[in-house]
Structures are given as C-alpha cells and as structure tokens.
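Written below as structure tokens is the structure these notes are about.
The values are calculated or read from the model by the stated rules, or taken from the named source; none is laboratory data. Treat the numbers as computed from the prediction; the structure is a model and nothing was measured. Counting neighbours? That spans all protein chains shown, and the Cβs are built from the backbone with ideal geometry, glycine included. To get the accessible areas, we keep the full protein, side chains included, count just its heavy atoms, and leave off ligands, DNA and RNA. Shrake-Rupley method; radii C 1.70, N 1.55, O 1.52, S 1.80 Å.
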Amino acid sequence: LKMPFSHHSHSGQFCEHAKGKLEEIVIEAIKKKFLVYGLSEHCPRYRVQDLYPEESHLQPSDLSKTFSEFVIEARRLQDKYKSQITLLVGLESENITSSSTTEIKNLISQYNLDYLVGSVHHAHETPIDFDLETFEIALSKSANLFESNVNSLEESLFASYFDSQYQLLKDLKPMVVGHFDVIRIFRPNFELTDFLFKKIERNIEFVMEYGGLFEINTAGFKKLQCAYPQRDILKLIIEKGGKLTISDDCHSPQSVGMNYHKLYDYLKEFNINELYYLDIDLEKPKQDRKVVVKCCYNGMVVRSSAMIKKHAQSADIEDYPNTVQESGIKELEIGEPKNEIVEDNELIVSCNIEKTELDDLLQRLKELQ
C-alpha cells in the first residue's frame, strides 16, 4: 500500500550540507512506499556574501550550474521511476534581498518547474536557521530596526522574518509553505506576542486565499519537541481551515521519512482529519501534465476550504505553466465522482479528493521508524 508523501527534500549531490545521491534518496522513498515525493533543491544564491561556510570553495555561478544539473537529474529520475513513485521537481525558495523573488520567478520559468516550496531562511540578509552564531548576528542587527511597539530583540527579529515571509507569499504564491516558523529554531520557548500573532494571522489568511498548503515539517522534531509549525501556530491554521500537508525535509537517504512515526500522535493530538498533497499524472505527455491537489481524509463527508478567488486571473497559472490552481467547492460524500473540475471567468477550482482513508496513512506513518 503506497501511502506517505513529502514535498521537501535535498541531497548531497546538489546541496553542500546534505548527504547522498539524489537517486539514493528516490530509491529509499520507493522502499518506504511513498506515493509522492517532492525533489526541491535550494535555489541558487547570487552574491558571494550569501554563500554558507561549506560553500567557501564555490562561487555563486557554481550554485547556478549545480541547480541546472539538479533539474536535469531530477527529471531523469522522474521519468525512470514513474511506474514506482510520483516525483515532483521543484525548488525551495529564499528571500534574502529585494531581488530574490524575481530571481526565483525566473528559475521557475526557465526550468518549467512543477512546484515551489516557499521558505525563508534569512532576516536582515543573515541566516537564521544555520547555526546559533549567525542567528545571534541577525538578532544584533534587529537592534538597528528596533521599533517602539516591540519589547525585545527577539520580537523585532521575528517580526522581520514574518514580514519577509509575507512578501515572499505575495510575490510567489508557493503551493507549499515550508517550515512556517523555522525562526524559532534557536528560540523555541520564546512566547509569541499579540504583535507577532497579527503578522502570523495575516500570512495564514493570505495562503488560504490563494490555496496553498501548510507543511507540517518533521525536521522540527530533531531540535524541538514538535514539528514546524509549533503547536500554537498549527492550532491557528487549523482553526482558520488551512490545508495541511506533511514533509520530511530530507537531507540524506537515511532521513527519508524521518520522524514520520511521530506524526501519528501529533496529528491525532489536533484531531486532524484531512491532509493534502500535490500530484501529477506522469503518464500524460509533458505538455499536458498539471499539478493538482489531492486529499486523504476520514469520515463520510469532506468539507473542503472555501473556493480560491484567483488574484490577477491568469497570473497564478502563468507563474506555474503546469499547475492547476484549485480547491474543493462542495461537500463530497464518499463514492461520489472525485475529479470534477469547474472553470469560469473568475475561478479555476477542482474537487480532486482521493478516496483514501487518513487512518490508513497514519498507520503507515507509525511504521516508518
């Protein structure tokens, strides 16, 4: 039974802080019976000062060359293993400077990518999740931007992070929002203020407007006692009706499905009865392939989130040539047709609900030790 899915991964072949070959990761995902697995290498960075210590022997042009090689290899694997697993080829974003999102749009267009994981790893042009030292540097830079309505350097840094995330969401409308609150990695017990929650709520509501998925990222279990996002933000997403997915944020063959067994209790704790994932029919000609959103659910009735109102009509689709922007538009009884697509002048929406019991998926997660 093929059940689990993930939208977020890296390999040592194309990422200096990861391990293993990309094909080794794909083979491991097949062994663990993943239904869909997203290959989402980091996008290139274009300034020398944005290279990480392990990249000190490289130039920005090397990162661009590496990303090009990644796409070629990912497409080869997508085709080679399509009878055994559905692989999605995309990238994980950055938002370092004012030109970052434009650079990513160019990459999406240049390589005709399937999807995007929208992540932020920097604030004040400084990494916030690499190590404690660089986090502290970013924190010190917050002193120069300290506003009268914030009470600490942490609050100021967190505010900058969530504002950067909002800008990325507006510019790119990523189909998957990566590790929503990774800013908390070195301040896991920092209590979010009302000021910050307003920014978080704004970001959540915007993702819901365009139909994005919020990733429950199990890499959080490595350093925290929970996944990303932490419980308070996850609770808010659920209360607002946001669509949730899961990802392992794999960085080696050994970390495929890492901590997925912990998701069983985590999802049950929040009474989550729907999980969404991206899918694509690789049997179709390349020009006809469309990425769609599907759902694993429990119970006799699925109530999906509200319809997506497209922003700028064709803009969303033009950003992702192979993507259908969609959402469920009615309650579906089990046994009803599941692939109804409705199009009109204002909406492109779809009821694309898989007849897959979520309990089956949860049981599979428990087995991924």
(message) Taking the Cα centre as origin and putting +1 on Lys and Arg beta-carbons and -1 on Asp and Glu beta-carbons, what dipole magnitude results for segment 64-203, to the nearest 20 debye?
(response) 660 debye
(message) Treating segment 20-93 as a set of equal point scatterers at the Cα positions, no solvent, please give the Debye-formula log₁₀ I(q)/I(0) at q = 0.12, 0.24 Å⁻¹.
(response) -0.38, -1.03
(request) Report the convex hull volume per residue for segment 61-162, counting only C-alpha atoms, in Å³. (result) 135 Å³
(request) Using only the alpha carbon atoms of segment 1-148, find the Kirkwood hydrodynamic radius as the inverse mean reciprocal pair distance, in angstroms to one decimal. (result) 16.5 Å
(message) Rounded to the nearest 10 Å², what accessible area does CYS250 have for a 1.4 Å probe in the complete protein model?
(response) 0 Å²
(request) Would you pull out the residues with amide H under 5 Å of ASN95's amide H, same chain only if 5 or more places away, H placed 1.01 Å from N? (result) HIS121, HIS122
(request) Return the long-range amide H neighbours of VAL176 (sequence gap of 5 or more, or a different chain), with a cut-off of under 5 Å between placed amide H atoms. (result) LEU116, GLY118, LEU213
(request) Might you work out the accessible area of ILE72 for me, using a 1.4 Å probe with all protein chains in place, and round it to the nearest 10 Å²? (result) 120 Å²
(request) Determine the alpha carbon to alpha carbon distance for each of LYS19/LYS286; LYS243/LYS366; LYS105/LYS223; LYS31/LYS286; LYS240/LYS262; LYS32/LYS223 and list only those over 28 Å. (result) LYS19/LYS286; LYS105/LYS223
